[in-house]
1. In nm, give the distance between the simple-model label positions of MET148 and LEU133, each being 7 Å from the Cα along the Cα-to-Cβ direction.
2. How much FRET efficiency would the formula 1/(1 + (r/R0)^6) give for PHE224 and LEU25, where r is the Cβ-Cβ distance and R0 is 25 Å, rounded to 0.05?
3. Less than 13 Å apart at the alpha-carbon level, and either on another chain or at least 8 residues along: which aspartates and glutamates does that give for LYS80?
4. I'd like the orientation of helix 35-52 relative to the chain: the angle between its Cα long axis and the longest Cα principal axis, in ° from 0 to 90, rounded to 10.
5. Taking N as the number of residues in the range 98-251, what is its alpha-carbon radius of gyration divided by 2.2 N^0.38 Å?
6. For the range 1-139, treating each Cα as an identical point scatterer without solvent, what Debye log10 I(q)/I(0) comes out at q = 0.09, 0.11, 0.13 1/Å?
7. Evaluate E = 1/(1 + (r/R0)^6) for LYS174 and LEU243, where r is the Cβ-Cβ distance and R0 equals 25 Å; express this FRET efficiency to the nearest 0.05.
8. Mind listing the long-range amide H neighbours of LYS124? Cut-off is under 5 Å, sequence gap 5 or more, other chains count too, H placed in the peptide plane at 1.01 Å from N.
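Computed from the coordinates by the stated procedures, all read-outs in this text should not be read as laboratory data. Values in this document were obtained by computation on a predicted structure and should not be read as measured data. Reconstructed Cβ throughout: ideal geometry from the backbone, glycine too, with neighbour counts over all protein chains shown.
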Amino acid sequence: MDFILKKIVSMFFMPLPIGVLLIILALILIHINKIKRAKFMLTLSIAWFFLFSYSPFVDLLLEPLETKYATLHQAPQGIKYIYVLGSGHNTDESQPITSQVDETAVVRLNEGIRLYRQLQGKAKLIVSGYSGLYDPTPHALMQERLAMALGIPKNHLILHPEARDTQEEALAAKKLLSDEPFILVTSASHMARSMKFFAHEALTPLPAPTNHLASLQHPNYTDFFSSSALYKSRVLLHEVLGLVWQKIKGI
């Protein structure tokens, strides 16, 4: 029940749905002749879309979340497991596996493989993720296919195909790894929430954030109404909502 409720809430509390809702409210106010309130609501909707589609503003909000954990440039020797958290995919056998797995998943897996190669093949990669609501193929299986296409032996891959979200991935890790040290790979924006879930299961993974979206080094101040900024805003709100949910649940 919690899983479904989280999906529904996160579906609507995103930048685009909120902006559209503000416009709808403005139209309703116009229809009932509340012109001043309608003007305010329209102004608010324009400001909302402007801010959350403006890259420098979004990067400023997202960057602290992404830099909470430092990049793991070198994998410590002796690590036996690298856990790469799942993302999304769309099974289509007419496409290469690199197109079937979404960009976030590709980046996460490549970071896991980079660290795996530093350990000279002495570690195992754990990939996870269920089939989702519309695709019959488990995400873990798609990640396995991609990893094998990139040269990882099948016997060096462990699959968790039932895990539906990060909390269930942490539970699966607890059963498999217990007190064994391991590296946790996920998106930089997702790492803070992930570490909370794993800590809740008394696990202390070594964080390896990747797929950084925000950068304050070279801001593009002319990047107005950017679709990529709107995507980053979606990621930001998703993670903030997730952290709030964890606080409510006492995690």
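1. In this crude spin-label approximation the distance works out to 3.0 nm.
2. Taking R0 as 25 Å, the efficiency between PHE224 and LEU25 is 0.55.
3. Partners within reach: ASP179, GLU180.
4. Relative to the chain, helix 35-52 is tipped by roughly 30 degrees.
5. After normalising by residue count via 2.2 N^0.38 Å, the value is 1.10.
6. -0.50, -0.70, -0.87
7. 0.75
8. For LYS124, whose amide H was placed from the backbone, the distant partners under 5 Å are TYR81, ILE82.
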